[in-house]
Amino acid sequence: MSPIDPLVMAGAWQQDRWSNGGAKGLVASVSLDGGATWQTPVPIPGVSQCSGGTFSRATDPWVAFGADGDLYQISLSIDVDPATGTPGGFGPNALLVSKVQSADVTDDGGIASNEWTAPITIIQDSNPRFLSDKESITAHPTNANFVYAVWDRLKQSTGDVINPERVPGNLAFKGAAMFSRTTDGGSTWASPRVIYDPGGISQTIGNQLLVLPDGTLVSVFNEILGASQSAGPGPFNLSLKRSPDNGTTWLPRGRPIRAAKLLPRTLFTPPPFIGVYDPDDPTRPIRAADVLFDVAVGPSGELYAAWQDSRFSNSGTFNDPGLLIDEIAFSQSLDGGRTWSQPIKVNQTPTGIALANRQAFVPSIDVAADGTVGVTYYDFRNNTAESGAPTDHFIVHCHATCTSTANWGGEVQLTTASFDITQAPLTGSGFFLGDYVGLASSGNDFVALFTQAGSATDPSSIYSRRVSTGT
């Protein structure tokens, strides 16, 4: 949402995704009426060959409005590695940033492709050992000069690139949390810096940055300890670092603040680490937000987080992974991220149905102007014995004392009719709606931007829904 006009909103997504990663291009769209209508999507120029760039594919788009209403985007551009035939991670890749001036966002009913500035490269790698991944962009809410980018940078050993099976769990594998910023409204970007390096066989992922009302930066990430590309995931932690000076200094020094353990079902199953799955066939995985999360900041600096978690099923007993499902966890901090509440379940999926139909996944979280917290998610409550896996998207909200499950309610189904998730694009890790979807606030309302699967000829489309939660 634009800070200078709550009716102006923006979203971005992949267009023509490849089954083994990335898409032919990225597109963006804006709404000038609070999400009621959206302009025809336009390509983001220069991020892939399809839009005039040099890289073959693009992925992970993220958009943010600056304090002056300028619209920024960051995305990952990747090439296919000729040695392996797979994109990114082990082929050339770069993070690119561009923007549209505020006046161009709203003129003529929305943005045009030629109104984006030429992309600026924040970081680029041609060495197959390195991949910058899961980037996000955040603008300072009151100072238009400052915009921040965070991401993880994966590093593999040379031996692992040549033959991963020979060096499982090698200490050279790591994925530091990275940071860059602009102090001149996007004209230039600082050289990337490490916020936190978790060390060998460990990584960060899902880096997001929030700005508190006093200007403190809070960079949040999933800290995966004891992980490697070949050995699989280790313990997951919702972790963070804080900066009091716009990213110059990051505290605490050394180990980050660990806000909560993340317990997706991924942790408790053997390879291929299936988390969410087709409720009618557990051998068919669904690529969801197993290792990701979403965070938001409230009007008085409250911090909120939501993620997929399996601790609420089977009475929290993990000795039988077959009785575990992912649901939606919530935690909050009222002291700038220093301490966090005990996670609670917030999805309202009925409990008196088959366990597989109770799976809830891909959460998003945001805060309305009046402080109401909203969380969206998908689940399978409307699944039947018929073929296919009917899926729906929901929002639930809390007005006060959100650490109590009793204060979460007002659930609204955002999909007008169930869709079959088994018609979604199929990747190597399952049916795929997206690693994350959008949720923003417009005044005291929420506007969700989410994916629905269609058919073999239209495997996925983007939908929007505005919801008033009331008080």
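Short version: what are the Cα gyration tensor semi-axes of the stretch 343-471, square root of 5 times each eigenvalue, largest first, in whole Å?
Details: eigenvalues 136, 60, 28 Å².
The equivalent ellipsoid of the stretch 343-471 has semi-axes of 26, 17, 12 Å.
For Gly25, which sequence-distant residues (separation of 5 or more, or a different chain) have an amide H within less than 5 Å of its own amide H, given hydrogens modelled in the peptide plane?
Amide H neighbours of Gly25: Gln15, Ala58.
Quick one: 3J(HN,Hα) in Hz for the stretch 293-298, Karplus 6.51/-1.76/1.60 with θ = phi - 60°, rounded, Gly and Pro as x.
Listing the rounded values in order: 7, 9, 9, 8, 10, x Hz.
Sequence neighbours fewer than 8 away in the same chain don't count; with that in mind, list the lysines whose C-alpha is under 29 Å from Lys261.
Lys134, Lys155, Lys174, Lys241, Lys345
Can you give the three extents of the C-alpha atoms in the stretch 365-418 along their principal axes, from longest to shortest, in whole Å?
42, 21, 14
Among all cysteines in the chain, which have no other cysteine Cβ under 4.7 Å from their own Cβ?
By the Cβ distance rule, which asks for a partner under 4.7 Å, the isolated cysteines are Cys50.
Just to check I understand the Karplus step: with θ = phi - 60° and J = 6.51 cos²θ - 1.76 cosθ + 1.60, what whole-Hz values come out for the stretch 393-404, glycine and proline as x?
Karplus values, whole Hz, x for Gly and Pro: 10, 9, 10, 10, 9, 9, 9, 6, 6, 6, 7, 9.
What ranking do Arg338, Arg57 get, fewest neighbouring Cβ atoms within 10 angstrom at the top? It would help to have the intermediate numbers written out before the result.
Details: Arg338 13, Arg57 29.
Neighbour counts put them in this order, fewest first: Arg338, Arg57.
For Asp435 and Leu334 in the same chain, what is the full-extension length gain: residue separation times 0.36 nm, less their Cα-Cα distance, in nm?
Working: separation 101, 0.36 × 101 = 36.36 nm, distance 2.77 nm.
Extending this stretch completely gives an extra 33.6 nm.
Neighbour counts of other C-beta atoms within 10 Å: give me Thr54, Thr138, Thr351 arranged from fewest to most. Can you show the working numbers first?
On the way: Thr54 12, Thr138 22, Thr351 9.
So the ranking, lowest neighbour count to highest, is Thr351, Thr54, Thr138.
Rounded to a whole number of µm²/s, how large is the Stokes-Einstein D of the stretch 274-432 at 4 °C and 1.567 mPa s, given Rh as the Kirkwood radius over C-alpha pairs?
Details: Rh = 16.2 Å.
Taking Rh from Cα pairs, D becomes 80 µm²/s.
Can you show me the helix-derived [θ] at 222 nm for the chain, built from DSSP H runs with n ≥ 4 at -39,500 (n - 2.57) apiece and divided by the number of residues, rounded to the nearest 500. All intermediate terms of the calculation are to be shown ahead of the outcome.
On the way: 2 runs with 10 residues, N = 471.
My calculation for the chain gives -500 deg cm²/dmol from helical runs alone.
Only the coordinates and a few stated rules stand behind these numbers; no lab work does. No experiment lies behind these values; they were computed from the predicted model shown. Using ideal geometry, Cβ is built from the backbone for each residue, glycine included, and neighbour counts are taken over all protein chains shown.
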